[in-house]
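Presented below is the structure to which this report refers.
Computed from the coordinates by the stated procedures, all read-outs in this text should not be read as laboratory data. These numbers were taken from a predicted model, which means no experiment stands behind them. Here the Cβ positions follow ideal geometry from the backbone for every residue, glycine too, while neighbour counts run over all protein chains shown.
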């Protein structure tokens, strides 16, 4: 999928048309884990003017079976880095496929709830859920949304962010 087909680009186009006071700067890297995000975050926060950090990481950690404790630790450190610079933070709840079993999935999903509560940040709902149940909107892997899903995700995320930014 081309970058201009993705939900972040589509959302920024919508925000531009509405003369919104904010835009989304997508610093994601395909396949990124919370450890990778943590290792890059300090430099990102130094080199950009950021008012609000939205963390959407953890899915690749879960798919690799990483320890929920390690995921939580990485997320807590990322939030602390941002909060120490007076940057507001929101975090997306992430869900993964059930192949690791109910126990791991429950522990994995609880990480995001616990982190948001512990750091007093906004917990946003899993945004892929809005398209995940429609096979026509998912890539063949059944995990990643396809290009057809991107406008739906953009609208969904825009609605979630209105409560934060407007």
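Summary table
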quantity	calculated
The chain - mean residue ellipticity at 222 nm from DSSP helices (-39,500 (n - 2.57) per run, n ≥ 4, rounded to 500)	-15500 deg cm²/dmol
Difference of contour (0.36 nm per residue) and Cα-Cα distance, residue 85 to residue 5	25.6 nm
Residues 107, 1, sorted so that the one with the fewest Cβ neighbours within 10 Å comes first	1, 107
Whole-percent pair-distance distribution, where bins are 5 Å wide, for the alpha carbons of region 75-166	2, 12, 19, 18, 20, 17, 9, 3, 0
18, 2 arranged by Cβ crowding within 10 Å, fewest neighbours leading	2, 18
Residue 63 versus residue 146: modelled label distance in nm, points set 7 Å from Cα along the beta carbon direction	1.7 nm
Percent of alpha-carbon pairs separated by more than 17 Å within region 1-45	46 percent
Inverse mean reciprocal Cα-Cα distance (Kirkwood Rh) of region 1-117, Å	15.4 Å
Where labels lie 7 Å past Cα in the beta-carbon direction, separation of residue 23 and residue 155 in nm	2.4 nm
Proxy reagent accessibility, fewest Cβ within 10 Å first, across 22, 92, 66	22, 66, 92
Rounded to 5, the percent of DSSP beta bridges in the chain classed as antiparallel	10 percent
Fully extended contour minus Cα-Cα distance, from residue 43 to residue 100, at 0.36 nm per residue	17.2 nm
Gain upon complete extension [residue 50, residue 120; 0.36 nm per residue less C-alpha separation]	23.3 nm
